[in-house]
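A.B. asks: Provided herewith is a single structure, encoded as structure tokens, for subsequent inquiry.
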Amino acid sequence: MSVVDDPAGPVLNLMMETPLVRDRSGASLQKQLHERIRGAILDTRLPPGCRLPGSRSLAIALGISRNSVTAVYELLGAEGFIELSRQGTRVAKLEQQNTGRRTARRAAATQVSNRAALVREAVFNAGDTLALRPGVPALARFPLSAWKNCLDRAIRQASVSALGYGNPQGELALRTAIMRHLAVARGVRCEPEQMVITEGAQEALSLCVRLLTNPGDDVWVEDPGYRGAQTAFVCGDLNVMPIRVDDDGLCVPEQAWQTHTPRLVYTTPSHQYPTGAVLTVARRLDLIAKAQAHGAWIIEDDYDSEYRHSGELIGAMQGLVPHSPVLYIGTFSKTLFPSLRIGFVVLPEALIGKAAALLRETLRGGHRYEQLALAEFIESGQFGRHLGRMRRLYRGRQDALRQALTEHLDTPHVISGGDSGMHLTVRLPGDCSDVRIAQAARQYDMAPMPLSRFALNPQPGDSGLVLGYGNTSESLFVPLIRQLARLVRAERRDAKP
């Protein structure tokens, strides 16, 4: 039978609308034909039951080898797009085929979970390194050559064995090194068996949610507070309760323990993020006692307490009371560099046995070379020396930023958060939008964060800007603050009725 007389002639015409392209740098003829038939089936130009040309007929018509056509048909049959039989090759019936690609894409785009829909969008991008961006350390000052040497030795000494899965809790060498450092620097009481290495603090928070909560449980977060904790709890289907922060840190109303008894309480006691308040020892002890009495757990996020600029470091809450219900979270994103993606959580002794199955089944022990390198970086003293250099650097940058704000920000403001860390919080009058100011600042290569975006229940006094100085040179502060002052003045002027 000739090609013209083939019952699948109309399909041949469809396949020959545009010639296959013979180009060594592009897709092969076989791949082009596969995509053409697959696309025609998906958008119903080849409807269910439609007979396809025989492999010989299609090969002759397209001027390609029969083996290529046969290979394409076999692949489409394996994928379920066509049905191969002695009676001929026909298009298979596909579920929801008649909806078309565009409708299917629209439907898929709306099918997100309720928890995903509740996640609040940030003003900045996660990868921003613009001036005044909070949370970014002085990347140019990281001792990259020393880190490379540690990484090279880890690869040589561990050889290919570290390419496989490791202990789900992380490398013992790293857990031991962190334990020793925390005991001296933070007063944390733990053994390596209590520590779990995570992919940054965010995975540590998610692990706490999986380990300790059920959907619908009440959890408390600082307000204003860390957005990452808010997101972790929302994604766990938890009832997130904002608890206000004052000059002494988390301020829990007495009746809240009876009306909304929490399963988890999240706090940043040594340097509250973003206000910079320090939770007093009286409130720390009271929080621990109340949590023990009500069967609650406390998450202590010690994200940047290594950078205290005056006096001795404030000890961790975890070490205040033996057998306290505190899960201690830390990260190296601020002390080293964010893309390292290594954090940790110290579990109370009471949870070690109960968490074992969850850890084994949900964690796989990755980044083994990096973990071994970090263990050496800590044990060799490189980490301590780097912290010392950064404390001096950040102390100078904070002083310079304070001076620039005092001299060039002429709008009434209050500065807080100056004893530790890598940021200052500047509270502004409530007659201007800190969100609009932050968005306008991006046009001038600045990325301050609006204070109001950290609050779940914003109050009139929550208008302000969170200014990071970790990755911004001192020489830039004066021109940056002058420009920021102009943006604030313009916003207040435009906001007047």
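A.B. asks: If I take R0 = 35 Å and measure r between the Cβ atoms of THR362 and ARG141 in this structure, what FRET efficiency does the formula 1/(1 + (r/R0)^6) give, to the nearest 0.05?
C.D. replies: For THR362 and ARG141, the calculated efficiency is 0.45.
A.B. asks: What percent does the relative contact order of segment 9-91 come to when contacts are Cα pairs within less than 8 Å and at least six residues apart?
C.D. replies: Here the relative contact order equals 33 percent.
A.B. asks: While we're on this one: Which Cα, out of LEU42, PRO134, ILE329, lies furthest along the positive dipole direction of the chain (beta carbon charges, K/R +1, D/E -1)?
C.D. replies: Farthest towards the positive end: LEU42.
A.B. asks: Mind checking the full-extension length gain between ASP399 and ASP286? Use 0.36 nm per residue of separation minus the Cα-Cα distance, one decimal, nm.
C.D. replies: Between ASP399 and ASP286, full extension yields an extra 37.3 nm.
A.B. asks: Ok, one more. Of TRP220, VAL112, LEU207, which is farthest along the charge dipole of segment 109-240 in the positive direction, counting Lys and Arg as +1 and Asp and Glu as -1 at C-beta?
C.D. replies: Most positive-ward Cα: LEU207.
A.B. asks: Let's see if you can work this out: charge +1 on each Lys and Arg Cβ, -1 on each Asp and Glu Cβ, no other charges. What is the dipole magnitude of segment 387-495 about its Cα centre, in debye to the nearest 20?
C.D. replies: Using Cβ point charges on Lys, Arg, Asp and Glu, segment 387-495 gives about 280 debye.
A.B. asks: Which of the listed residues, VAL281, ILE298, PRO269, is farthest toward the dipole's positive end in segment 246-305, when Lys, Arg count +1 and Asp, Glu count -1 at the beta-carbon?
C.D. replies: Checked the options; the winner is ILE298.
A.B. asks: If you don't mind, there's one more thing I want to ask. Could you give the nm distance between label points at GLU79 and ALA27, where each point is 7 Å from its Cα heading toward the beta carbon?
C.D. replies: Roughly 0.9 nm, to one decimal.
A.B. asks: So if I take the centroid of the Cα atoms in segment 136-207 and the same for segment 450-497, what is the distance between those two points in Å?
C.D. replies: One Cα centre to the other: 36 Å.
A.B. asks: Let me ask something else. With an 8 Å Cα cut-off and a minimum separation of 6 or more residues, compute the relative contact order for segment 387-495 in percent.
C.D. replies: Once divided by the residue count of segment 387-495, the mean separation gives 34 percent.
A.B. asks: Shifting gears a bit: So if I place +1 on the C-beta of Lys and Arg and -1 on the C-beta of Asp and Glu, and nothing else carries charge, what would the dipole magnitude of segment 9-91 be about its Cα centre? I want it in debye, nearest 20.
C.D. replies: Rounded to the nearest 20 debye, it is 220 debye.
A.B. asks: Under a crude label model (7 Å from the Cα following the beta-carbon direction), how far is ARG489 from ALA185 in nanometres?
C.D. replies: Distance between the two pseudo-spin positions: 4.3 nm.
A.B. asks: For the chain, with only Lys/Arg (+1) and Asp/Glu (-1) charged at the beta-carbon, what is the dipole magnitude about the Cα centre, in debye rounded to 20?
C.D. replies: Roughly 1400 debye for the chain.
A.B. asks: Is the C-alpha gyration tensor of segment 126-194 telling us rounded, prolate or oblate? Criteria: a/c under 1.5 is rounded; beyond that, a/b larger than b/c is prolate, otherwise oblate.
C.D. replies: oblate
A.B. asks: Moving on to the next point. With a cap of 11 neighbouring Cβ atoms within 10 Å, and only residues DSSP puts in a loop, list the GluC sites (Glu not before Pro) found in segment 275-313.
C.D. replies: Those that pass, being in a loop and sparsely packed, are GLU312.
A.B. asks: How high is the relative contact order of the chain, in percent, with contacts defined as C-alpha pairs under 8 Å that are six or more residues apart?
C.D. replies: For the chain, the relative contact order is 18 percent.
A.B. asks: Further question: In segment 112-194, what GluC sites (Glu not before Pro) fall in a loop by DSSP, with at most 11 other Cβ atoms inside 10 Å?
C.D. replies: Here the GluC sites (Glu not before Pro) that fit, given the DSSP loop and packing criteria, are GLU121.
A.B. asks: By average Cβ neighbour count within 10 Å, what is the ranking of 279-288, 322-331 from highest down?
C.D. replies: Sorting 279-288, 322-331 by mean packing, highest first, produces 322-331, 279-288.
None of the figures in this text is laboratory data; all of them are computed from the coordinates on show. It should be emphasised that the depicted structure is a prediction, and the values quoted were computed from it without experimental measurement. Counting neighbours? That spans all protein chains shown, and the Cβs are built from the backbone with ideal geometry, glycine included.
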